[in-house]
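> Can you read through this structure? Questions will come right after.
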Amino acid sequence: MQSGLTDTHCHLNSTDYDADLDLVMSRARAAGLSHILVPGVDLESSRRALKLATDVPEIYAAVGIHPHHAAGWNDGSEHDLRTLVSSERVVAIGEIGLDYYRDLSPREDQRRAFKAQIELALELELPIIVHQRESMGEILDTLLQYELQTPGDLEDRRGVLHAFSGDAESASIALAKGFYLGVAGPITFRKADPLRTVMIQVPKERVLIETDSPYMTPEPHRGKRNEPANVRHIANRLAALFEVEPDDLVNITANNANSIFRWCNESSDSNIS
């Protein structure tokens with residue numbers, strides 16, 4: 001499989017795509033997508049992500065419990081995640097983190113689930129996909145607590161801060177500790193100059209592009225359901241920001257994605273049952 005556009009965060013396991021997933025994937029392929037990472041937000045969606053990754057060559061899976069569902073975290077959750085991770089199609093633990101904006105789970109439950117899944121990822125030597133809203137300071141403090149426990153294999157690919165929206169200082173701390181920054185649809189928004197000001201300071205080699213479909217639809221399709229094909233708009237806007245050719249930006253971010261998730265280290269055929 002040739003390297004092309006990557007969408008490193010896309011919820012194709014959502015029921016939003018039940019009626020037309022084949023068409024969505026056809027448009028993704030026509031747009032040049034070669035790799036799509038589908039994260040879980042709970043055990044059911046993690047299983048759906050793995051099923052998609054097993055059935056569709058371009059798709060890989062991450063498994064995890066989102067902070068919205070953290071109240072249900074228990075020993076059985078960890079056991080089930082371990083079972084799912086046994087597949088080579090699972091390349092990360094996620095989507096995990098802290099969400100103090102919606103607070104759909106008690107904060108202590110969010111912290112407990114987040115830390116337990118960080119520890120699981122470290123044990124299994126997998127990167128993590130981190131969700132944060134109104135919690136960046138605590139997210140970074142928590143990640144730094146585990147810095148000395150990070151295996152050497154993970155030092156430069158500890159994970160990605162999904163849909164990064166923090167300030168320059170937060171970006172600098174995360175990058176220094178081996179994290180990548182995920183860039184999503186908001187980079188294309190007219191009023192996103194503060195985000196663009198931060199991202200222009202980030203090394204191109206530490207950036208990933210993602211749609212977060214069906215959410216965060218970029219311009220010029222804002223207001224419609226998002227899908228992987230729209231990652232092209234994010235890539236083009238980021239290329240303009242970095243003053244590089246769009247094809248160069250595609251190659252850079254494809255290499256970045258492989259560096260963290262290592263999905264080109266296995267043949268695509270050998271992983272599909």
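The values are calculated or read from the model by the stated rules, or taken from the named source; none is laboratory data. From a predicted model like this one, the values you see are computed outputs, not experimental measurements. Every residue, glycine among them, receives a Cβ derived from its backbone with ideal geometry; neighbour counts consider all protein chains shown.
> Applying the selection to region 202-238, what residues are under 20 Å from I36 (Cβ atoms) and in a helix (DSSP H, G or I)? Step through it out loud before you land on a result.
First, pick out the residues of region 202-238 that are under 20 Å from I36 (Cβ atoms): 207-218, 221, 224-238.
P228, A229, N230, V231, R232, H233, I234, A235, N236, R237, L238, listed by residue number.
> Residues in region 236-253 that are surrounded by fewer than 22 Cβ atoms within 10 Å (Cβ to Cβ) and aliphatic (A, V, I, L, M): how many?
5
> Kindly list, by first and then second residue, each pair from a residue in region 164-183 that is under 15 Å from G94 (Cβ atoms) and touching a residue at least 40 places away in the same chain (Cβ under 8 Å) to a residue that is assigned to a loop (DSSP other than H, G, I, E, B) and small (G, A, S), limited to pairs with Cβ atoms under 6 Å and residues at least 6 apart or on different chains.
Taking only residues 6 or more apart or on different chains, the pairs are G182/A163.
> Among what's in region 38-82 and is of a type in the set (S, T, Y) and buried (at least 19 other Cβ atoms within 10 Å of the Cβ), pick the residue that is nearest to V160 (Cα to Cα). So that I can check it myself, show each step before the final result.
Taking region 38-82 as the starting set, the residues that turn out to be of a type in the set (S, T, Y) are 45-46, 54, 60, 77.
Remaining after also requiring buried (at least 19 other Cβ atoms within 10 Å of the Cβ): 45-46, 60, 77.
Numbers: S45: 20, S46: 18, Y60: 16, S77: 22 Å.
Result: Y60.
> Considering each of A168, A62 in turn, give the residue that is touching a strand residue (DSSP E or B) at 6+ places or on another chain (Cβ under 7 Å), aliphatic (A, V, I, L, M) and within 22 Å of V207 (Cα to Cα). Talk me through it step by step, then tell me what you get.
Values: A168 fails: touching a strand residue (DSSP E or B) at 6+ places or on another chain (Cβ under 7 Å).
Matching residue, one of A168, A62: A62.
> If you don't mind, there's one more thing I want to ask. Can you find a residue that is within 19 Å of A163 (Cα to Cα), in contact with a Ser or Thr (Cβ under 8 Å, 6 or more places away or on another chain) and of a type in the set (A, V, I, L, M, F, W, C) anywhere in region 10-20? Walk me through it before giving the result.
Applying the first criterion (within 19 Å of A163 (Cα to Cα)) to region 10-20 yields 10-14.
Among the residues that remain, those that are also in contact with a Ser or Thr (Cβ under 8 Å, 6 or more places away or on another chain) are: 10-14.
Then keep just the ones that are of a type in the set (A, V, I, L, M, F, W, C); that gives 10, 12.
The answer is yes, given that some residue of region 10-20 is within 19 Å of A163 (Cα to Cα), in contact with a Ser or Thr (Cβ under 8 Å, 6 or more places away or on another chain) and of a type in the set (A, V, I, L, M, F, W, C).
> Oh, and also: Being surrounded by 17 or more Cβ atoms within 10 Å (Cβ to Cβ) and in contact (Cβ under 8 Å) with a residue 60 or more places away in the chain: is that true of Y215 here?
On the way: surrounded by 17 or more Cβ atoms within 10 Å (Cβ to Cβ): no; in contact (Cβ under 8 Å) with a residue 60 or more places away in the chain: yes.
When the stated conditions are applied, Y215 does not pass them.
> Within region 51-63, can you find the residues that are in contact (Cβ under 8 Å) with a residue 40 or more places away in the chain and closer than 15 Å to T8 by Cα?
L52, P57, E58, I59, Y60, A62
> Only residues that are assigned to a helix (DSSP H, G or I) and touching a strand residue (DSSP E or B) at 6+ places or on another chain (Cβ under 8 Å): list them for region 65-78, please. Please lay out each step first, then the result.
Here is the first cut: in region 65-78, the residues assigned to a helix (DSSP H, G or I) are 67-72, 75-78.
Result: P67, H68.
> Quick check on region 184-201. Is at least one of its residues outside any helix (DSSP H, G or I) and free of Cβ contacts under 8 Å to residues at least 12 places away in the same chain? Talk me through it step by step, then tell me what you get.
Step one: filter region 184-201 for residues outside any helix (DSSP H, G or I), giving 184, 189-192, 200-201.
Now restrict to residues that are free of Cβ contacts under 8 Å to residues at least 12 places away in the same chain: 191-192.
Scanning region 184-201 turns up at least one residue that is outside any helix (DSSP H, G or I) and free of Cβ contacts under 8 Å to residues at least 12 places away in the same chain.
> Would you pick out the residues in region 94-149 that are in contact with a Gly (Cβ under 8 Å, 6 or more places away or on another chain) and aromatic (F, W, Y)?
Matches in region 94-149: F114 only.
> Pairs only if they're at least six apart or on different chains, beta carbon under 9 angstrom, first in region 128-149 and under 21 Å from L81 (Cα atoms) and modelled with pLDDT of 95 or more, second among the β-branched types (V, I, T) and assigned to a loop (DSSP other than H, G, I, E, B); list them, first residue then second.
I129/T8; H131/V41
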